[in-house]
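Engineer: Can you keep this structure in mind? I'll have questions shortly.
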Amino acid sequence: MSNKELVVLGIRGVPAGHGGFETFAEYLCPFLFKNGWQVTVYCQEDGEGEMYESQWQGVKRIHIPVKNEGPLGTIIFDLKSVWHARKNKGLHLTLGYNTACFNIIQRLYGITNVINMDGIEWKRQKWGFVAKTWFWLNERFGCWFGNHLVADHPKIEDHLATRVARKKITMIPYGGPDVSMANEAVLADYGLVKNEYAIVIARPEPENSILEVVEAFSAKPRSHKLVVLGKFLDSNPYHQQVLAAASNDVVFPGAIYEAEKVAALRFYARFYVHGHQVGGTNPSLVEGLAAGCAVIAHDNKFNRWVAGNGAFYFENKAHLSEFLDKDYLNDDFVKQKSAAAKDQFTTKFQWGDILTQYETLLTKYLK
């Protein structure tokens, strides 16, 4: 029997249906299985009933039904998962620290647990005091209870190094699939023309600079469109503020979940616009680089490391407006940034390289 056993915790399950960590696990688990690992993933299901098992691409899945929705449901699922997984003495990999208080269970049972610490969640504007306190405490618990920590960005590593010794941290970024073609016919569904629009793919939250981007683009009539993906709710004041600020050149197609459509909209855009102000290696930005998109990004230490020379960096709305008036329509500038973006992706963020780095790290912690 192989001693290369891994239990993956902290996500909703595989295949991906929710976000970056699920997508990462969808790549990592079959990769490790092909390399002789036994991999178990805990999966959250809606509803009630008994736990049950299934197989997916050689990976064992343990499904835990949870009747509660939202954050409470996730907390209950994580607790049940960690408690059940205590019986498996193989190596554990926990993705995210949002419920790291439960990782004391692995410590008490002598199980080695590697934790990917994700971003600095408690700094995000969207959270209230109670949520920020919860995340702040759990970041500390993750640092204490994890046997080793993974940071997905050098600046996240620097931040964690204020909590624990740097030798306890390994920096491995997020990856992305190489994109060299997409279905151009998708553009017609949205009334778009190749290379005549910029695209924003982000949750509509203040920290992602959606309002500033829309206001800058709407400051005067443009010959191009701005496409803003995402769900905008009547009940959300910020969402309504963004919609009210938009000129006729801004298009809101809603949330699009079909990967092929999103890939095509990104691939044929003149620019991918990334307004995120916090976070580590953002999956959406990596996917923009993978598609060879020239990037317009908020100027901060996180985005600069990821996009490198592949982006124009804006400091604020006025700075972005100035760029839109001057260099946005400069074809040579766009080609230069596009080539640099693709080069940045090829050098740093290909899944094959990332997964190999993970396997090398995990192998060190096998008993």
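Engineer: Here are some conditions: (1) assigned to a strand (DSSP E or B); (2) without any contact (Cβ under 8 Å) to a residue 60 or more places away in the chain; (3) not acidic (Asp, Glu). VAL251 meets all but one. Which one does it not meet?
Structural biologist: Here VAL251 meets the rest and fails (2).
This table checks each residue for (1) of a type in the set (Lys, Arg); (2) over 30 Å from LEU32 (Cα atoms); (3) crowded, with 18+ Cβ neighbours inside 10 Å.
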position: PHE314; (1), (2), (3): no, yes, yes
position: LYS317; (1), (2), (3): yes, yes, no
position: SER321; (1), (2), (3): no, yes, yes
position: LYS326; (1), (2), (3): yes, yes, no
position: ASN330; (1), (2), (3): no, yes, no
position: SER338; (1), (2), (3): no, yes, yes
position: ALA341; (1), (2), (3): no, no, yes
position: THR346; (1), (2), (3): no, no, no
position: PHE349; (1), (2), (3): no, no, yes
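Engineer: For region 77-85, state whether one or more residues are of a type in the set (Val, Ile, Thr), surrounded by fewer than 17 Cβ atoms within 10 Å (Cβ to Cβ) and closer than 28 Å to ASN282 by Cα. Reasoning before the result, please.
Structural biologist: Initially, region 77-85 is screened for residues of a type in the set (Val, Ile, Thr), giving 82.
Retained after the next criterion (residues that are surrounded by fewer than 17 Cβ atoms within 10 Å (Cβ to Cβ)): none.
No: zero hits.
Engineer: List pairs: first residue in region 33-45 and assigned to a helix (DSSP H, G or I), second residue surrounded by 19 or more Cβ atoms within 10 Å (Cβ to Cβ) anywhere in the structure, Cβ distance under 7 angstrom, at least six positions apart or on different chains.
Structural biologist: From residues that are assigned to a helix (DSSP H, G or I), the pairs are PHE33/VAL39; PHE33/VAL59.
Engineer: Let me ask you something else. Would you mention how many residues in region 131-167 are touching a Leu at 6+ places or on another chain (Cβ under 8 Å) and closer than 21 Å to PHE21 by Cα?
Structural biologist: Of the residues in that region, 7 qualify.
Engineer: Let me ask another. Please verify whether region 126-136 includes one or more residues that are in contact with a helix residue (DSSP H, G or I) (Cβ under 8 Å, 6 or more places away or on another chain), among the basic types (Lys, Arg) and in contact (Cβ under 8 Å) with a residue 12 or more places away in the chain.
Structural biologist: Yes: one or more hits.
Engineer: Of all residues in region 176-219, how many are part of a loop (DSSP other than H, G, I, E, B), of a type in the set (Gly, Ala, Ser) and either surrounded by fewer than 22 Cβ atoms within 10 Å (Cβ to Cβ) or modelled with pLDDT under 95 (or both)? Walk me through how you get there before you give the answer.
Structural biologist: First, pick out the residues of region 176-219 that are part of a loop (DSSP other than H, G, I, E, B): 177-185, 190-196, 202-205, 209, 218-219.
Add one more test, that the residue is of a type in the set (Gly, Ala, Ser), and what stays is 180, 182, 185, 191, 202, 209, 218-219.
With either surrounded by fewer than 22 Cβ atoms within 10 Å (Cβ to Cβ) or modelled with pLDDT under 95 (or both) added as a condition, the list becomes 180, 182, 185, 191, 202, 218-219.
Qualifying residue count for the region: 7.
Quick grid of which residues meet (1) in contact (Cβ under 8 Å) with a residue 12 or more places away in the chain; (2) part of a strand (DSSP E or B); (3) in contact with an Asp or Glu (Cβ under 8 Å, 6 or more places away or on another chain); (4) among the polar types (S, T, N, Q):
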site	(1), (2), (3), (4)
GLU22	no, no, no, no
PRO30	yes, no, no, no
GLU53	no, yes, no, no
SER81	yes, no, no, yes
TYR97	yes, no, yes, no
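The values are calculated or read from the model by the stated rules, or taken from the named source; none is laboratory data. None of these values were measured; they are calculated from a predicted model. As a convention, Cβ positions derive from the backbone with ideal geometry for all residues, glycine included, and neighbour counts pool all protein chains shown.
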